[in-house]
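In what follows, a single structure is set out as structure tokens and then discussed.
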């Protein structure tokens, strides 16, 4: 299976990414739609992962954060693509972009059920305890670039 992951450069690709986010976060996880699209949309660099047929399956974004860090956000994989490498492909592409941007570390706020996934990618939990975001339990994680 060939996963094609690329930086979003067109409005059509961005709309495809938003559609994935709306299905995963709003429909499946009941995140309020008004907080899913936020003030960082235009400053973030977005990526899209597609299957062999070119169908969008996963997305994510990275933006400048603090102290030379890039913040990974809105990592989402459609249900039918989970467990097949799409999430890891998105993360690798975001890290590649982040290194090109000069980030020295990556930060993310992982839903607690996804913590093992991020640990496999080299991220470490730095939260004292889980916290609620959009009604979902999260932990803060970090990885050196």
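Coordinate-derived values only; no laboratory data. Small disclaimer: the values here were computed from a predicted structure and weren't measured. Because the Cβ atoms are built from the backbone with ideal geometry, glycine has one as well, and the counts that use them run over all protein chains shown.
Based on the mean of other beta carbon atoms within 10 Å per residue, what is the order of 136-143, 56-63, most packed first? It would help to have the intermediate numbers written out before the result.
Values: 136-143: 17.6, 56-63: 25.1.
Highest-to-lowest ranking by the protection proxy: 56-63, 136-143.
Contact order normalised by length for region 4-102, with contacts defined as Cα pairs under 8 Å and 6 or more residues apart; what percent is it?
On the way: 146 pairs, mean separation 27.6, N = 99.
Result for region 4-102 is 28 percent.
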- Using a basic spin-label model with each label point 7 Å from the Cα along Cα→Cβ, how many nm lie between residue 4 and residue 37? 2.6 nm
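Starting from the exponent 0.38 and prefactor 2.2 Å, build the expected Rg for region 33-112 from its residue count and divide its actual Cα Rg by it. Could you put the intermediate results ahead of the total?
On the way: Rg = 12.8 Å, N = 80, 2.2 N^0.38 = 11.6 Å.
Against the compact-globule rule of thumb, the ratio is 1.10.
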- One finds, for residue 67 and residue 15 with R0 = 41 angstrom and r their Cβ-Cβ distance, a FRET efficiency to the nearest 0.05 of 0.80
